[in-house]
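The structure that follows is given in the form of structure tokens.
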Amino acid sequence: MKLFSLLLNTTAPAAPAAHGAAESSNPLDGIIKLFGDFGVDAPHLIAQLVNFSILAFVLYKFAIKPALGQLEERIRQAEQLQSDRLQAEQKLLDAKKTAHAELQKASEEAAKILNDARNSAKQTIEASKGEAVAAVAEITRKGKESLEADRRQMLNEVRGEVSRLVVETAAKVLEQNLDDAQRTRLNEAAVKQLSSK
């Protein structure tokens, strides 16, 4: 900035004869002469500065400012995406916790159902044992009744056979032929004696 100020201040033509010795000793004059040798003079420099300022303003207004706005929008979108990603990760973590809790709950319920089924099976087995014991008792009772009936029947058959043998033996002993009435009477008497024993 100082350079431009110096250049603007030195735009007035200096008296060449009066300051001839001063020109060579003043460094500013050497710089102005150097710029003059390259074709840079004050009116053209000012025009270039004005043109550059206009170009810088137009570029800032129509190129840099919209680009910065887009950049800020992209940064905002990136921050929003980051926020959404963190929220999604938190939801995923919450879902995993919920799924783990539900799985644990289902496991506990399954264990409870299994335990209830085992208890029910034990009760059913105990009831079945009771029924089996009752059925065995009933079968035993029926078996005893059947044995008792068979024993009575066999005893009656044995008594009948014994009475027949007694009658035949008595008939042989007496050596007489007994008629049917006598045989019946002797049979009944033998049965009475056997039944009383």
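Please identify the pairs in which a residue from region 119-135 that is modelled with pLDDT of 85 or more has its Cβ atom under 8 Å from the Cβ atom of a residue that is part of a helix (DSSP H, G or I) and acidic (D, E), counting only partners at least 6 apart or on another chain.
none
Here is a follow-up. Considering only residues that are of a type in the set (G, A, S), modelled with pLDDT under 80 and either farther than 30 Å from K65 by Cβ or not in a helix (DSSP H, G or I) (or both), which ones fall in region 1-38?
Hits for region 1-38 are A12, A14, A15, A17, A18, G20, A21, A22, S24, S25.
Another question, then. Can you tell me which condition E79 does not meet? The list is (1) at pLDDT below 90; (2) in a helix (DSSP H, G or I), and all the others hold.
For E79, the exception is condition (1).
The values are calculated or read from the model by the stated rules, or taken from the named source; none is laboratory data. Being a predicted model, the structure only gives us computed values, none of them experimental. All Cβ positions, even for glycine, are placed from backbone atoms using ideal geometry, and neighbour counts span all protein chains on display.
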